[in-house]
1. Mind telling me which of the residues A:ALA216, A:ALA223 ends up being under 24 Å from the mean Cα position of the chain (by Cα), assigned to a helix (DSSP H, G or I) and closer than 26 Å to A:ARG292 by Cβ?
2. Would you mind finding the one in B:PRO261, B:PRO270 that is modelled with pLDDT of 95 or more and exposed (fewer than 12 other Cβ atoms within 10 Å of the Cβ)?
3. Please tell me if A:SER406 is of a type in the set (Gly, Ala, Ser) and closer than 23 Å to A:SER78 by Cβ.
4. Any idea how many residues of the stretch B:188-214 are within 14 Å of chain A (Cβ to nearest Cβ), within 24 Å of B:ARG155 (Cβ to Cβ) and touching a residue at least 12 places away in the same chain (Cβ under 8 Å)?
5. In this structure, is B:ILE79 away from chain A (no Cβ under 14 Å), touching a residue at least 12 places away in the same chain (Cβ under 8 Å) and within 30 Å of B:ARG286 (Cβ to Cβ)?
6. Of the numbered conditions (1) surrounded by fewer than 24 Cβ atoms within 10 Å (Cβ to Cβ); (2) in contact with a helix residue (DSSP H, G or I) (Cβ under 8 Å, 6 or more places away or on another chain), A:GLU195 satisfies every one except a single condition; which is it?
7. Hey, among the residues in the stretch B:15-71 that are over 19 Å from the mean Cα position of the chain (by Cα), in a loop (DSSP other than H, G, I, E, B) and surrounded by 20 or more Cβ atoms within 10 Å (Cβ to Cβ), which one's modelled with the lowest pLDDT?
Amino acid sequence: MRLLIQNGYVIDPSQGVNAGRNVFIEDSQVVGFSSHGDPVPDGADVFDATGLIVAPGFIDMHVHLREPGHEYKETIASGAAAAIAGGFSTVCAMPNTNPVNDNAAVTRFVIEQAQRAGLANVFPIGAVTKNSEGNELAEMGEMKDAGIVAVSDDGRSVPNAAMMRRAMEYARGFDLPVIDHCEDKSLARESAMHEGHWSIVLGMRGAPAAAEEVDALRDYALAKLTAAHVHLAHVSTSGAVDAVRRAKAEGLQVTCEVAPHHWTLTDEAVAGERGGVLYDTNTKMNPPLRSREHLEAILEGLRDGTIDAIASDHAPHHADEKALEYDHAPAGIVGLETSIGLALDRLVNKGVISLERLVELCATNPARILKLEGRGTLRAGAKADITIIDPETTWVFDVSSAKSKSRNTPFDGYSLRGAAVATIVGGRIVFLREGYNRAGEAKHNHALVR
Amino acid sequence: MNNGLNLKHLLGIRELSAEQIVHLLDTAESFRDISKREIKKVPALRGRTVINLFFEPSTRTRTSFEIAAKRLSADAINISVATSSVSKGETLLDTARNLEAMAPDCIVIRHSSAGAPYHLSRVCNAAIVNAGDGAHEHPTQALLDALTIREHKNRIEGLKVAIIGDILHSRVARSNIYLLSKLGAHVAVAGPGTLVPADFAGLIEQGVRLERRVEDAVADADVVMILRIQRERQTDAFFPSMREYAVHYGLHLSHLNLASPEAIVMHPGPMNRGIEISSEIADGGRSLILDQVTNGVAVRMAVLYLLAGTLDTRERTGAKPEFADSAAESSRAAGGVRGRTRRTKRGTRD
């Protein structure tokens with residue numbers, strides 16, 4: 001199968017390309033670029049991408065697909081469907097399933113289920129410790145052989161600093177980054193939201209920013225000690241961003257990601273300020289929505305390059321669970337289908353970051369951090385994973401038509417400018433946004449409208 | 001919602017305007033009289049159903065709501081659930097929907113989770129009254145405290161109020177700070193550093209004065225409110241011992257001598273005598289602790305009357321209003337209530 005993505009604007013930071021190009025793919029590989037106006041290769045289908053951005057397939061390196069164990073929230077198939085609908089060709093599945101992905105058998109199961117679904121690429125992340133309990137190291141070598149790309153006890157941090165040190169030293173032998181969910185449990189105990197003005201107003205126990213910052217600084221010190229690669233998941237505080245900035249300045253292998261809700265919302269949302277309702281459990285996540293100064297620090301980290309990746313922390317929960325009292329409801333929101341929209345609307349279209357930087361955050365860097373061979377790039381010979389973006393289209397997110405099994409999002413009804421309109425995985429167009437087609441007709445109409 | 005209050009539920013003081021608060025207090029004042037009569041009952045809420053849904057143990061507040069409902073002739077049902085329904089398998093919302101299916105006019109809820117009454121208010125047609133939700137709010141406590149202050153000081157505006165104790169975990173402190181500041185009082189709080197977080201200073205726009213020492217908060221105060229200290233705070237390392245708490249943060253006569261000579265002392269109960277308050281103060285002439293309890297019934301009668309007596313059921317059934325319940329009338333003294341009572345009797349004879 002041959003496909004020419006014609007007349008698009010290619011952004012591929014892995015090779016410094018930022019220009020109008022055609023992208024030619026054959027079977028599951030990228031063949032190369034040609035100039036607009038060059039002839040269509042023999043027997044190739046054409047995808048008219050006039051006015052659209054063509055980028056290496058986006059990678060969400062932090063999602064919860066809930067299978068095995070919590071299939072009522074999400075399955076690997078439904079999660080993968082949500083991924084491609086959100087513009088992601090690749091997702092990395094966190095290991096906090098039941099059973100925990102702490103051995104090669106579970107790793108293989110996740111990969112097989114993803115292959116069966118045949119939608120997005122799914123790379124599992126293995127547990128750092130057995131059952132993510134923080135006591136004994138999980139069999140990282142065997143899981144690596146089976147296909148994991150990183151280790152993490154996400155949902156909780158590795159509480160014991162000595163254990164974290166051992167994990168980092170051991171993982172380094174397999175070239176696996178250790179992804180840490182920075183949260184000092186003693187400080188964050190039983191918290192339902194960020195500690196600050198709004199937790200005082202709402203009378204709920206808060207997790208201080210320090211709960212994240214203490215662990216981020218610990219990990220910084222351990223990265224220095226071990227020279228291992230530690231990746232801080234969903235940083236939400238100015239202190240954690242600062243810790244990463246400092247580590248990078250010192251040349252340590254410390255990277256981090258940020259989730260869309262942490263640049264979009266603050267803890268005001270818990271109080272229903274600016275149009276929400278009080279105590280809406282769809283504003284409950286971990287790490288929690290922070291105060292304005294932390295949101296500003298996240299934007300600065302995105303702007304100055306401290307933050308390496310955008311990851312949704314897609315965390316599906318059943319409506320019945322989210323209907324509980326705020327302090328009893330589980331933390332987390334679905335994010336795969338709003339991540340790119342929020343990035344384009346709130347970051348690119350508001351001038352915080354460039355489109356090129358967005359592609360870095362969503363494709364180039366995640367592939368580099370996780371060492372995903374042939375992904376995050378459109379070099380000749382790379383996997384034909386491609387995300388096509390319309391940065392101008394305005395759309396309204398309607399959760400009732402979302403592909404995820406779960407509906408827990410604070411972004412229902414949000415009007416966003418910018419969307420992923422097509423997702424290509426291994427050379428196959430697996431998702432085409434409603435209103436768009438290969439001939440580019442809808443897009444031309446939309447161009448007229450604007 | 002023609003109850004002169006423009007309010008369907010009473011969830012918190014933070015959302016109320018000064019006018020709404022004054023209207024509630026004026027109405028409560030008009031009800032205070034009923035409890036002093038030989039026949040302590042008016043038919044204002046006859047045929048209405050009030051459910052007291054208590055997920056936390058409570059004697060005082062539950063009894064107070066029950067008496068208030070009965071003195072208004074409502075049918076009051078008490079449901080006490082020892083723990084949150086979560087552990088029993090039924091969710092709060094399912095419990096609420098089941099109760100709702102029995103068409104109550106008002107559900108009074110106490111729950112250990114902040115925000116639980118808000119969840120209820122989104123699925124229930126009945127008027128929801130918050131009787132304490134976690135560390136969030138306890139609006140009727142603040143109203144009864146304000147009624148007590150007004151009774152003894154004839155005003156709230158300009159008064160200096162000191163609140164002493166476990167501010168962090170106190171819904172009483174929050175509701176009182178909102179109410180008192182909305183009516184123009186100045187609030188200072190004091191307690192152990194672990195229980196008086198710095199963020200409390202910004203709870204309200206005009207600010208709350210945070211003091212390290214009880215003496216500094218109490219100095220020149222017109223009103224001193226003492227909060228109950230819970231023993232589990234010691235095991236959670238908020239302070240080292242009850243003994244030390246009593247010495248440094250309990251209210252003693254020596255503190256009270258720093259306050260205004262006419263200062264009054266209040267406590268929401270139940271008291272730990274000799275810990276947060278010395279018995280000589282609790283039983284002394286400046287203590288209004290039992291007046292608070294008395295006013296609690298009047299305030300809850302007013303709340304139930306204004307919320308359960310005038311809106312939802314009528315809207316639901318399409319029945320005509322039983323009372324001409326304008327703001328002016330319900331804020332008239334007890335005579336107003338008697339006037340409405342007579343009309344009710346006439347109405348039922350028709």
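1. On the way: A:ALA223 fails: closer than 26 Å to A:ARG292 by Cβ.
After applying the criteria, what remains is A:ALA216.
2. Details: B:PRO270 fails: modelled with pLDDT of 95 or more.
Going through B:PRO261, B:PRO270 in turn, just one is modelled with pLDDT of 95 or more and exposed (fewer than 12 other Cβ atoms within 10 Å of the Cβ): B:PRO261.
3. On the way: of a type in the set (Gly, Ala, Ser): yes; closer than 23 Å to A:SER78 by Cβ: yes.
Yes.
4. So the count comes out to 4.
5. On the way: away from chain A (no Cβ under 14 Å): yes; touching a residue at least 12 places away in the same chain (Cβ under 8 Å): yes; within 30 Å of B:ARG286 (Cβ to Cβ): no.
No.
6. For A:GLU195, the exception is condition (1).
7. Among them, the one singled out is B:VAL42.
Conditions (1) closer than 24 Å to A:ASN18 by Cα; (2) outside any loop (DSSP other than H, G, I, E, B); (3) in the same structural domain as A:GLU71 (by TED's automatic domain parsing), marked per residue:
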{"position": "A:CYS362", "(1), (2), (3)": "yes, yes, yes"}
{"position": "A:ASN365", "(1), (2), (3)": "yes, yes, yes"}
{"position": "A:GLY376", "(1), (2), (3)": "yes, no, no"}
{"position": "A:PRO410", "(1), (2), (3)": "no, no, no"}
{"position": "A:GLY413", "(1), (2), (3)": "no, no, no"}
{"position": "A:GLY418", "(1), (2), (3)": "yes, yes, no"}
{"position": "A:THR423", "(1), (2), (3)": "yes, yes, no"}
{"position": "A:TYR436", "(1), (2), (3)": "yes, no, no"}
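The values are calculated or read from the model by the stated rules, or taken from the named source; none is laboratory data. Since the model is a prediction, treat every value here as computed from it, not as a measurement. Don't worry about glycine lacking a Cβ; one is built from the backbone with ideal geometry, like all the others, and counts go over all protein chains shown.
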